[in-house]
Amino acid sequence: MCRHLAYAGLPRSIRDLVVDPPYGLHQQSWAPRMQKYGTVNADGFGVGWYAEGDPVPARYRRSGPIWADPSFTDLARVVRTRALLAAVRSATDGCAPGEAAAAPYAADSWLFSHNGALPGWPGASGQLAAALPPADLLQLEARCDSALVWALALRRLRDGEQPGEALAATVREVAACADARLNLLLTDGSLIAATTWGDTLFHRIEPGRGVWVASEPGDDLPGWTPVPDRSLLLATADTVTVRPLAGPPD
């Protein structure tokens, strides 16, 4: 299991978004308050962000825990961004270790994270892998369940599906094959799309300033709203909509 966070709004430092909040993602790497599966997220971390005028995000990822990387703390202090996706990782059994397996994953203008797991990985995921063209399988960033889920979602995005529909369809596709946990998070720097399927998610909006979407609140300030399980969330810096997420057909 993992914890993740997305933000869109007025420019802020990465430190302000990830490190400084008293219960923020940095703290959640060793002391999450609401994590249902696992207790420590020390199997890697990553941050992706958008620079002004550049639609292609930059990423900083490492294979170790976020608290053990002084270079990240220094970078986070000086880099400001209007949009960010960050994650800390608790690896699923059988999944590859290493930096390449740490979210966020990226392609084109997109950043993606998966908080959850595919039970029985990798043996139980053959049907899902078979749905992808061989070229997509060869381009997986890592041999892990989250990279496969990202490949399934990315195929839909590149086929022209809207972000929310691409995530919703991916959840239904995977859930039809496995009793998976599928909290997905996606952004292109303006829109944030997310699903809840088996774990917690919250959002908080400050009109005119920004929106946060996170596995759990980073502080005890008012305004954090829980997202019901099996929901699809779409957010911009000024708006949040949530609707039920239908399951796979019987």
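Throughout, read-outs are computed from the coordinates displayed, never taken from laboratory work. Not measured: the values here are computed from a predicted model. Cβ coordinates were reconstructed from backbone atoms using ideal geometry, including for glycine residues, and neighbour counts include every protein chain displayed.
Of note:
- Percentage relative contact order, region 132-250, counting C-alpha pairs under 8 Å, at least six apart: 21 percent
- Relative contact order of the chain: 22 percent, from C-alpha pairs under 8 Å at least 6 residues apart in sequence.
- Extension reserve of the Asp74-Ser109 stretch, reckoned as 0.36 nm per residue once the Cα distance is removed: 10.1 nm
- FRET E, pair Ala96, Thr225, Förster distance 30 Å, beta-carbon r, rounded to 0.05: 0.30
- Here the extension length gained between Trp67 and Asp179 equals 37.1 nm, from 0.36 nm per residue of separation less the Cα-Cα distance.
- Here, region 108-246 is characterised by an Rg to Rh ratio of 0.98, where Rg is the alpha-carbon radius of gyration and Rh the Kirkwood radius.
- Fraction in percent of alpha-carbon pairs per bin - 10 Å, region 2-244: 8, 36, 40, 15, 1
- Applying a DSSP loop filter and a limit of 14 other Cβ atoms within 10 Å to the chymotrypsin sites (Phe, Trp or Tyr not before Pro) in region 1-47 leaves Trp30, Tyr37.
- Annotation: for a label point projected 7 angstrom from Cα along Cα→Cβ of Leu10, residues of region 192-213 with backbone N closer than 17 Å are 204-212.
- If R0 is 22 Å, the Cβ-Cβ spacing of Asp159 and Arg243 corresponds to a FRET efficiency of close to 0.50.
- FRET efficiency for Ala169 and Thr39, using Cβ-Cβ distance with R0 set to 30 Å, rounded to 0.05: 0.40
- Exposed trypsin sites (Lys or Arg not before Pro) absent: longest stretch of the chain, with sites in DSSP loops and at most 12 other Cβ within 10 Å deemed exposed: 37-208
- Where only DSSP H runs of four or more residues are counted, the chain gives -5500 deg cm²/dmol as its mean residue ellipticity at 222 nm, each run worth -39500 (n - 2.57).
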